[in-house]
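So the structure is just underneath, and the comments pick up after that.
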Amino acid sequence: MTPVSSRNPNHVPHILLMASTDAEQYHFGTNGEAKPPPPKKQKLCSFISESEIQSEFSHHDASVARINNGSFGCCPQSVISAQQQWQLRHLRQPDGFYFNDLRAGILESRKVICSLINADDVSEVSLVDNATTAAAIVLQQVAWAFSEGRFDKGDVAVMLHYAYGAVKKCVEAYVTRAGGRVIEVDLPFPVSSKEEIITEFKRSMERGKLNGQKIRLAVIDHITSMPSVVIPVKELVKICREEGVDQIFVDAAHGIGCVDVDMKEIGADFYTSNLHKWFFCPPSAAFLYCRKSAKFTDLHHPVVSHEYGKGLAIESAWIGTRDYSSLLVVPSIVEFLNRFEDGIEGIKKRNHEEVVKMGEMLAKSWGTHLGCPPDMCSSMVMVGLPSCLGIASDKDTLKLRAHLRNHFGVEVPVYYRAPKEGEVDPVTGYARISYQVYNKAEDYEKFRHVINKLVSDKFCCACLSV
């Protein structure tokens with residue numbers, strides 16, 4: 001099994017060379033002639049067992065059906081132990097850690113990520129605390145372009161209607177405030193094909209060019225959060241290139257470990273993904289890829305410290321005294337991933353297959369449907385909830401989610417979809433279920449049983465107090 005893709009020369013694998021004695025290397029015949037040693041028996045590759053997986057996540061609350069990996073991710077015990085070792089190295093001798101260990105450790109993590117995402121050079125990869133910070137870095141320099149006259153007031157930023165709430169606020173804080181005009185791409189949900197998304201994106205691009213304005217920025221999700229749908233990101237980036245969009249930023253908070261992430265294939269200027277959601281990092285950690293270009297030399301971490309002006313990757317590696325251990329354990333995560341058959345690729349494939357299987361099981365039980373075709377699902381699936389639950393607002397989704405958590409030990413986010421005019425008995429509530437390696441069929445069977453009980457008890461969200 002190949003631990004990390006070797007397609008990128010920046011990846012330097014760790015190889016431990018063991019010196020051997022002559023006696024170990026050779027055996028000798030009766031005449032004293034040295035002969036090569038007999039061939040050693042090859043050890044059979046042993047992948048991680050189900051019991052070992054459960055042991056790695058034994059710190060999880062066993063009373064909760066945790067089918068919401070998408071929100072906060074998870075971290076195996078072996079990686080937690082590696083993190084604690086980094087923390088102790090810091091606490092044991094902070095000066096030695098800062099001067100001797102920190103920068104080298106972060107560089108090693110960046111090299112691993114650079115190889116995994118097929119970037120051209122490690123200088124294109126910075127490590128930050130989360131995707132929201134990465135968005136601030138990208139949008140901050142867009143705001144400067146407006147304020148310094150490189151972009152004109154009224155020039156356009158395009159983003160999806162289902163963009164993550166924090167990213168929408170970031171666009172408001174940086175782009176709108178600086179004079180940019182924001183156009184949201186209205187996306188259908190449920191969605192039946194990627195062509196629907198492409199069509200709506202093209203329409204919004206046309207709107208952006210009205211009155212001679214230029215589209216300066218496109219913010220594109222790789223996987224939308226709520227509702228969760230895999231966006232045809234390569235196709236949308238290609239459209240942006242054809243339309244002459246200045247900067248393309250892909251927000252892929254759920255990307256790495258969940259879908260294929262290849263910078264050369266995607267072709268965006270900026271791409272960010274959390275490492276703590278589907279890549280098993282402890283919270284919190286993310287990477288920001290910035291395509292090497294003369295246009296993008298004014299990128300800076302919003303927390304300014306001593307490394308300002310030395311390049312984003314160096315700036316991000318030191319933003320004052322804090323716990324950097326979550327950024328340093330990436331090599332340990334690769335060791336964990338390689339205990340699974342086919343490594344991270346195998347995990348992605350199995351998670352996707354299992355979440356679709358569980359989603360279809362739930363939808364069949366409730367007489368509903370999935371929110372999108374299986375090929376537009378990642379390791380998360382939107383499953384329609386019975387309409388008799390009376391989910392009629394965003395407030396209802398929060399009340400129902402809390403009810404499931406506090407009374408039944410089921411952790412799952414719920415989404416409200418406003419009914420269309422003329423719809424009869426519409427499905428207005430959807431659960432976003434996740435599947436990660438620690439999950440078992442019993443988690444989803446418990447969820448099915450709880451919803452069926454609520455239906456049989458004639459439960460309605462209107463009955464819940466605020």
**Study point:** Whole-Hz ³J(HN,Hα) from phi, Karplus 6.51 cos²θ - 1.76 cosθ + 1.60, for the stretch 150-157, glycine and proline x
**Key:** 6, 10, 8, 4, x, 4, 10, 10
Study note, to complete from the structure: For the stretch 233-339, the dipole about the Cα centre with charges only on Cβ (Lys and Arg +1, Asp and Glu -1), to the nearest 20 debye, works out at 200
Study note, to complete from the structure: Restricting to lysines and to Cα separations under 16 Å from LYS234, and discarding same-chain partners fewer than 8 apart, the set is LYS194, LYS202, LYS264
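So with the 1.4 Å probe, I'd like the accessible area per residue for the chain, rounded to whole Å². The partial results should precede the final answer.
Working: 22180 Å² over 466 residues.
For the chain, the per-residue accessible area is 48 Å².
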Check your understanding: For the stretch 244-324, which semi-axes, largest first and in whole Å, follow from the square roots of 5 times the eigenvalues of its Cα gyration tensor?
Key -> 22, 20, 8
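Can you list which of the GluC sites (Glu not before Pro) found in the stretch 421-454 are DSSP loop residues with at most 16 other C-beta atoms within 10 Å? Before the final figure, lay out the partial values.
Working: sites: GLU421, GLU423, GLU442, GLU445; in loops: GLU421, GLU423.
The qualifying sites are GLU421, GLU423.
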Review point. Among bridges DSSP assigns within the stretch 178-285, what percent are antiparallel (round to 5)?
Key: 10
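Which GluC sites (Glu not before Pro) in the stretch 318-372 sit in a loop by DSSP (not H, G, I, E or B) and have at most 16 other Cβ atoms within 10 Å of their own Cβ? Mind showing how you got there, number by number?
Numbers: sites: GLU335, GLU341, GLU345, GLU353, GLU354, GLU360; in loops: GLU341.
Those satisfying the criteria are GLU341.
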Study note, to complete from the structure: In debye to the nearest 20, the charge dipole size for the chain, taken about the Cα centre with +1 at each Lys and Arg Cβ and -1 at each Asp and Glu Cβ, equals 420
Practice item. May I ask you to derive the relative contact order of the chain, considering only C-alpha pairs under 8 Å and at least 6 residues apart, and to give it as an integer percent? Key: 19
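If you take all C-alpha pairs in the stretch 384-431, what percent of them are over 12 Å apart? Working shown, then result.
On the way: 663 of 1128 pairs.
Counting pairs separated by more than 12 Å, the tail of P(r) holds 59 percent.
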Exercise for review: Select from the stretch 72-133 those chymotrypsin sites (Phe, Trp or Tyr not before Pro) which occupy a DSSP coil region and have at most 14 other Cβ atoms within 10 Å, ordered by residue number.
Suggested key: none
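How much of the DSSP beta bridge set in the chain is antiparallel, as a percent to the nearest 5?
Details: 21 of 41 bridges.
Here the antiparallel bridges make up roughly 50 percent for the chain.
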Review point. At a 1.4 Å probe, what is the % contribution of carbon and sulfur to the accessible area of the chain?
Key: 53
Revision key, fill the gap. The base-10 log of I(q)/I(0) that the Debye equation returns for the chain at q = 0.05, 0.06, 0.11 Å⁻¹, one scatterer per C-alpha, is -0.22, -0.31, -0.96
Review point. How are the C-alpha pair distances of the stretch 99-188 spread across 10 Å bins, as whole percents from the shortest bin up?
Key: 15, 33, 28, 19, 3, 0
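Looking at this model, which pairs from LYS364/LYS395; LYS169/LYS446; LYS209/LYS395; LYS169/LYS310 are more than 31 angstrom apart at the alpha-carbon? Walk me through the numbers before you get to the answer.
Numbers: LYS364/LYS395 26 Å; LYS169/LYS446 36 Å; LYS209/LYS395 37 Å; LYS169/LYS310 28 Å.
Over 31 Å apart, Cα to Cα: LYS169/LYS446; LYS209/LYS395.
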**Study point:** Helix-only [θ]222 nm of the chain, DSSP H runs n ≥ 4, -39500 (n - 2.57) each, per residue, nearest 500
**Key:** -11000 deg cm²/dmol
Study note, to complete from the structure: Rounded to the nearest Å, the spacing of the alpha-carbon centers of the stretch 323-365 and the stretch 224-260 is 21
Practice item. State the answer as a single residue: which of VAL233, LEU398, GLY165 lies farthest towards the positive end of the charge dipole of the chain, with beta carbon charges of +1 for Lys and Arg and -1 for Asp and Glu, about the Cα centre. Key: LEU398
Point to revise | Prolate/oblate/rounded call for the stretch 259-300, Cα gyration tensor, a/c under 1.5 rounded | key: oblate
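The values are calculated or read from the model by the stated rules, or taken from the named source; none is laboratory data. Worth saying up front: this structure is predicted, and the values here are computed from it rather than measured. Note that each Cβ is placed from the backbone with ideal geometry, even for glycine, and that neighbours are counted across all protein chains shown. We work out accessible area using only protein heavy atoms, side chains counted, and drop any ligands, DNA or RNA first. Shrake-Rupley method; radii C 1.70, N 1.55, O 1.52, S 1.80 Å.
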